[in-house]
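To start, the structure under review is shown below, and the notes come after it.
Read-outs throughout are calculated quantities, based only on the coordinates presented, and are distinct from any laboratory measurement. Only a predicted model underlies this, so the values are computations on that prediction, with no experimental measurement involved. Glycine also receives a Cβ, built like all others from the backbone with ideal geometry; neighbour counts cover every protein chain displayed.
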Amino acid sequence: MDSCNKSTRDSSPFDCLLFDLDETLYSAKIGIGEATKRNIDDFLVQECGFPVTQTKILRIELFKTYGSSLAGFACYDIDADDYHRFFTNSDRIHATKALDRLGIRDSFEQIICFETMNPNLAKSTRPDEFPVVLKPSLEAFRIAIDVAEIDPRRTLFLDDSVRNVAAGKAVGLRTALVGRSIKIKEADFVLETVNSLAQAIPEIWLGEGQRMTRTRSQMDPMLATAPIGA
């Protein structure tokens, strides 16, 4: 899911920045999302025995019904460890690799991910014993808030999903929708890319009501001090 970083300025309205990972910290244009879909399709064919012609429809139905393909697999008693070995997106391995490739792993104090949300899933003896918890469920956000030990009123949550942003707002987080230019009611802020964070929400560093006087090059190093999730 995400992670957290303490603000260094007492005047800031935020103590923690909670970032989504996929398509928030990096652009969707990179192609990881499409590669992820192909991996799921391959898993459905090679490990589950579905015909190639049905994989796309099944993947979409799993996402619509359960919130993610992984959650759907768990409900159908497909071993999560088998899935992870074949396809690691959204787990801790994926998050760590992505941060390493981006060169910003040391910028985050904590990673809150699939394993954080579902610590007992590997111990289950039947599919319905431990329901899979993922964003945008409110329970996932409550777990993240408890694990990170943060005050939601002083935490900025950044995500590219309108559903996730709405859920974050519902549990009291301040919210920013990434990848959009048009404001929505669920988001306190909108920014086209995370790279424009300093310009779009300068109060993170300067405090509310203060004006930005630093240049972009001066602000970039400070952007490398925040939390993340998968």
task: Let me see the pair-distance distribution of the stretch 169-209: every alpha carbon pair, 5 Å bin width, integer percents in order.
output: 6, 24, 27, 25, 16, 1
- prompt: Among 150-163, 97-110, how do they line up from the highest to the lowest mean number of other beta-carbon atoms within 10 Å?
  reply: 150-163, 97-110
Net +/- balance of residues flanking Leu58 in space, Cβ distance below 12 Å, scoring K and R +1, D and E -1: +2
